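Here is the structure we will look at.
The values are calculated or read from the model by the stated rules, or taken from the named source; none is laboratory data. Since we're looking at a predicted model, the values are computed, not measured. Here the Cβ positions follow ideal geometry from the backbone for every residue, glycine too, while neighbour counts run over all protein chains shown. The accessibility values were calculated without ligands, DNA or RNA, using every heavy atom of the protein model including side chains. Shrake-Rupley method; radii C 1.70, N 1.55, O 1.52, S 1.80 Å.
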Amino acid sequence: MESQTTYKRFRPAPYTPKMQLSWWWQKPTYFAYIMRELTAVFVAAYAVILLLTLRALSAGEAAWEAWTTTLQSPLSIGFHVVALLFAVYHSITWFMAAPTAIVLNVKGKPVPAKTLILAHVVIWIVCSAAIAGILLTR
Amino acid sequence: MTRYGPDECDVLIVGGGGAGLRAAIAVAETDPTLRVAVASKVYPMRSHTVSAEGGSAGVIKSNDSIEEHIYDTISGGDWLCDQDAVEAFVNEAPKELLRMEHWGCPWSREPDGQVAVRSFGGMKNKRTWYAADKTGFHMLHTLFQTSLKYEPVKRYDEYFVTSLLVDDGRCQGVLALEMATGQLHTIAAKSVILCTGGFGKAFPFTTNANIKTGDGVALAYRAGVALKDMEFVQYHPTGLPFTGILITEATRAEGGFLLNKDDYRYLQDYNLGEPKPEPVLRTMELGPRDRLSQAFEQERLKGRTIKGPYGDYVHLDLRHLGEQHINERLPMVRELCLKYEKIDPVTECIPVRPVVHYTMGGIHTDIMGATNVAGVYAAGEAACVSINGANRLGSNSLTELLVFGARAGQAAAAYAKESPDFSPRLQALADDAAQDIEKTWIAPRSKRSKDTIAGIRKELHNQMENGAGIYRDAKSLQTARETVLELQERAQHVALQDTSYTFNTELTAAIELRNLLELSSAIIESALQRTESRGSHQRTDHPKRDDEKFMAHSLAYRTEYGTAPRIEYAPVTITRWPPKERVYG
Amino acid sequence: MQKTITIQVKRYIPEKQPTPFYQDYEVPLETKWGVLDALTYIKDELDGTLAFRWSCHMGVCGSCGMMVNGQPALTCATFLEEYLPGPICIEPLDHFPVIRDLVIDTDAFMGKLKYVKPWLIPAEERSVDDGENRQTPAELAAFKQYTLCINCLLCYSACPVVGLNEDFLGPAAIALAQRYNYDSRDAGQTQRHDVLLDHGGAFDCTLIGECSRACPKHVDPTGAIQRYKADGAMEFWKRLLLPRGAAKR
């Protein structure tokens, strides 16, 4: 798809190629970007599930039982697996991007990007472990 | 005051490189009410100033002196420099470089935050300011970005100026081809400053960019301005074979060695001093460019250079400098070698050979950049003031474009303010010039010649390299002279394949070729008549310097197209530094 | 041994044909030849009508950016041997209006460049007699990377946001604003906030990162923009919460 004007002498008629709808499909890096954007949908969906869980909790034991049964359905488990993968992907791309925004100098020397990424991952694992600890040890 | 039209200005600058932008800023600062414009065949940041690497000279350190910089420049130029011009240049150099600092130029620094300086060929002290090894790039971008803040500066980007319009000895403006549309525009201007750079593209093997075809110099020449010292063409001793990419002199200032095929520092055989492990100023690898290039040629004749597919070469050895030093001081050199030669200077020697780098000659101007046509000024490599004489010292040219760009800007502004209204004949002049372009290049022709632009250019290149290269003699120059005149004639009949008006680069290439042919003819004629050897002009049939006859600037005046120019001589201004023998080592 | 290689060029000559077309040329496969050398060979020996820009042939003037097999590249620094056995497809840079053949219209970019005030705005004007500003190597290093942009526009071709949103200032222009923002001699950040926080400014960037991958000079515009987002967010809240005068400071 291209847009342009008709040529007249001394009036150039540049054409402007328009981006195709499938542009994100044309480069692996573009695809990876669109997938990262897509993670937002799953994160949002999971937030909705959390809200529904809270509602079920407040609506009494019968509602809660029904809700947890629904959550245990194969469809629901399948969704959770996919959502988890997207969440992990989101976290990883986020950590990889972190060094672009953070410029840290320690003793006059810039901290290498790898160190920054590693620091983020370590904090992530520690936080996850802590949350898991709170939830699983009762 | 009557307005000529929409494209009217007080000062028009042709060329948007370092000198042109500096001049534009100077005009805007001299009088903000003046209308100033910059017309260039390329966007300003594409100009060839961008390729300069090593640095820009100016005395700033307490262990250095103005006097020494003057002496180095004059002796480096083999006493052909005008000494009043050199004095003005050296005096104003530090101020101009400081202005660049105030405009944000990212100069390399000492640990305490002062501007750092490095050694350079032919200079007795460290006085070359640098921004790693991308000094020209940083200076050009600083000047361009700074110029954007001056509202009066209007730009005509990608306008190819084809003629100067001169009425009764006074400049009235230019005719310019708008490349995107193919339309010819008259730009009326009270004064015009030509800052279009040199004409290294007359030679086949050059560090010069594709755009360096001497268009502004040819414009002036056709308008009746004399061209000064055209025979002096600088070969830089270290260019990459094939591409001709410049490997900066800073490599040698940082301690690089030049080695022949036996890994021998051959410069010691050519009166350039004793080899020492550390670089010593004004000796060996830090000798002046002309002497180093000549030493290569001698070495080649002795069969001691290395044979390669793109001509003979020698080795530039940086390995002992170490990776960290190379990365810090010479990052671009490493980048260029990795990219274009697929070698890493940290572990391997760089193949280098002399390459045409700079044209000392150019438009004959006075110390303010004025020419003999009222309202026409010039600055930068296009001009010959002359501070470079028979051989320019490395790192003087970047400073030159600041100092004389500013001077020409101020002088042209003052002239424009005083000058009367435009001539009533302006439109007629422009129409004539436009008709010439139409007739010569655009109109369909019945007689189709077999010649092509590339074919004629190749023949020109051969003649210039063989006839007017590092070493010349009467016979080689005579042959070149006859052939180039014949090529001028043939070039008029080249049939263009491209008949489009939109961005017709074949048309501009044809005009560039004609410019190069005219300038080559001036180079050859000036070289033929200077029967002595001085600086970069080495005649094997006249190997001695002859101060009695040739302590003079040659001035080439254009005669009819297709005939050789008339050569006259003007005295060199000598003030406090009487001519001596040129000694290095 | 392969002796030649096919160069496929996307051409456009408005007077001749209202739509672009592709044309194939066979050029010698020389070692050391860049894609640009192949184009100059075509221009000199095969077809004088081919139009393209080039100048320095050493990767610093920024004229010769084109799409080479769909990727933005400096043609003088991209070599035929990298694309064996060919063909090599050469098109004008993406996301720009095309004037003729491989020549794009960059006027909009030139406007954006000026818009970010890419010049030093000192806290107070100094005269030459005041001497140099001191700047330590560490202070220089804080912005040096962002000075290395050659305006070749490869990043604009690589960036889908530029293609979708013509008001976006784009990677090079924002990186250049940051070059001055991080210069220890500069005090113009407040003025540049007005531009960078506005519509088309840094927050239009969606962090695809392709500009940094395309940059031949390792300027890392992505980083420059991300760092601005952090600074810009602070400024945004300051302007929202503090009274006008205080926020300006």
Regarding A:Y30, is this residue at the interface with chain C (Cβ under 9 Å from one of its Cβ atoms), surrounded by 11 or more Cβ atoms within 10 Å (Cβ to Cβ) and farther than 30 Å from B:M179 by Cβ?
-> yes
Does B:G77 qualify as being surrounded by 23 or more Cβ atoms within 10 Å (Cβ to Cβ), under 19 Å from B:G200 (Cβ atoms) and modelled with pLDDT under 95?
-> no
Filter result (touching a strand residue (DSSP E or B) at 6+ places or on another chain (Cβ under 6 Å) and either under 21 Å from C:H218 (Cβ atoms) or away from chain B (no Cβ under 11 Å) (or both)) within the range C:43-63 = C:G59
Read through the list (1) in a helix (DSSP H, G or I); (2) out of contact with any Ser or Thr (no Cβ under 6 Å at 6 or more places or on another chain); (3) open to solvent by less than 80 Å² (accessible area, probe 1.4 Å), then give the number of the only condition that B:D432 fails.
-> (3)
Would you call B:T440 touching a residue at least 24 places away in the same chain (Cβ under 8 Å) and surrounded by fewer than 20 Cβ atoms within 10 Å (Cβ to Cβ)?
-> yes
Answer yes or no as to whether C:L120 is touching a helix residue (DSSP H, G or I) at 6+ places or on another chain (Cβ under 9 Å), more than 10 Å from chain B (Cβ to nearest Cβ) and either free of Cβ contacts under 8 Å to residues at least 60 places away in the same chain or not in a helix (DSSP H, G or I) (or both).
-> no
Counting just the residues of the range C:19-42 that are within 29 Å of C:G163 (Cα to Cα) and touching a Ser or Thr at 6+ places or on another chain (Cβ under 7 Å), which one comes out farthest from the other protein chains (Cβ to nearest Cβ)?
-> C:D24
Taking the range B:328-339 and keeping residues part of a helix (DSSP H, G or I) and touching a helix residue (DSSP H, G or I) at 6+ places or on another chain (Cβ under 8 Å) leaves B:R329, B:V333, B:R334, B:K339
Out of (1) in a loop (DSSP other than H, G, I, E, B); (2) modelled with pLDDT of 95 or more; (3) in contact with a Cys (Cβ under 9 Å, 6 or more places away or on another chain), the odd one out for B:G405 is which?
-> (1)
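Yes/no per residue for (1) within 28 Å of B:G113 (Cα to Cα); (2) without any contact (Cβ under 8 Å) to a residue 24 or more places away in the chain:
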site: C:P160; (1), (2): no, no
site: C:D167; (1), (2): no, no
site: C:D186; (1), (2): yes, no
site: C:C205; (1), (2): no, no
site: C:R213; (1), (2): no, no
site: C:Q226; (1), (2): no, yes
site: C:G232; (1), (2): no, no
site: C:E235; (1), (2): no, no
Within the range C:64-101, restricting attention to residues that are within 14 Å of chain A (Cβ to nearest Cβ) and of a type in the set (D, E), which residue is farthest from A:K27 (Cα to Cα)?
-> C:D101
Residues of the range C:130-155 that turn out to be open to solvent by 10 Å² or more (accessible area, probe 1.4 Å) and facing chain B (nearest Cβ under 9 Å), as a count | 13
Among the residues of the range B:307-316, count how many are closer than 16 Å to B:T238 by Cα and surrounded by fewer than 17 Cβ atoms within 10 Å (Cβ to Cβ).
-> 4
Go over the candidates B:A564, B:A495 one by one and state the one that is within 14 Å of chain C (Cβ to nearest Cβ), open to solvent by less than 30 Å² (accessible area, probe 1.4 Å), in contact (Cβ under 8 Å) with a residue 40 or more places away in the chain and part of a loop (DSSP other than H, G, I, E, B).
-> B:A495
Exactly one of (1) over 27 Å from the mean Cα position of the chain (by Cα); (2) within 30 Å of B:L227 (Cα to Cα) is unmet by B:F296. Its number?
-> (1)
Filter result for the condition that a residue is within 22 Å of the chain's Cα centre (by Cα) and open to solvent by less than 90 Å² (accessible area, probe 1.4 Å), over A:F10, A:F86 = A:F86
Scan the range B:207-235 for residues that are of a type in the set (S, T, N, Q) and crowded, with 24+ Cβ neighbours inside 10 Å and jot them down.
-> B:T207, B:N208, B:T213, B:Q234
Might you check whether a residue that is in contact (Cβ under 8 Å) with a residue 40 or more places away in the chain and aromatic (F, W, Y) occurs anywhere in the range B:75-88?
-> yes
Residues of the range B:546-561 being out of contact with any Pro (no Cβ under 8 Å at 6 or more places or on another chain) and open to solvent by 70 Å² or more (accessible area, probe 1.4 Å), which ones?
-> B:E548, B:K549, B:E560
So B:P345, is it open to solvent by 30 Å² or more (accessible area, probe 1.4 Å) and farther than 30 Å from C:G48 by Cα = no
Looking only at the range C:156-215, which residues are open to solvent by 50 Å² or more (accessible area, probe 1.4 Å), among the charged types (D, E, K, R) and within 13 Å of chain A (Cβ to nearest Cβ)?
-> C:E166, C:R213
Only residues that are at negative phi and open to solvent by less than 10 Å² (accessible area, probe 1.4 Å): list them for the range B:348-365, please.
-> B:I350, B:V352, B:P354, B:V355, B:V356, B:T359, B:M360, B:G361, B:I363, B:T365
Confirm whether B:T505 is surrounded by 15 or more Cβ atoms within 10 Å (Cβ to Cβ) and of a type in the set (V, I, T).
-> yes
Within the range B:92-181, strands (runs of 3 or more DSSP E) holding 3 or more residues that are within 13 Å of another protein chain (Cβ to nearest Cβ) | B:153-157
Residues of the range B:386-405 being touching a Lys or Arg at 6+ places or on another chain (Cβ under 9 Å) and either outside the structural domain of B:T207 (by TED's automatic domain parsing) or more than 30 Å from B:I306 (Cβ to Cβ) (or both), in sequence order, are B:S386, B:G389, B:E400, B:L401, B:L402, B:V403, B:F404, B:G405
For the range B:380-423, name all the residues that are of a type outside the set (G, A, S), in contact with a helix residue (DSSP H, G or I) (Cβ under 8 Å, 6 or more places away or on another chain) and surrounded by fewer than 24 Cβ atoms within 10 Å (Cβ to Cβ).
-> B:Q410
Would you confirm whether any residue within the range C:91-106 is modelled with pLDDT of 95 or more, out of contact with any Pro (no Cβ under 9 Å at 6 or more places or on another chain) and surrounded by fewer than 19 Cβ atoms within 10 Å (Cβ to Cβ)?
-> no
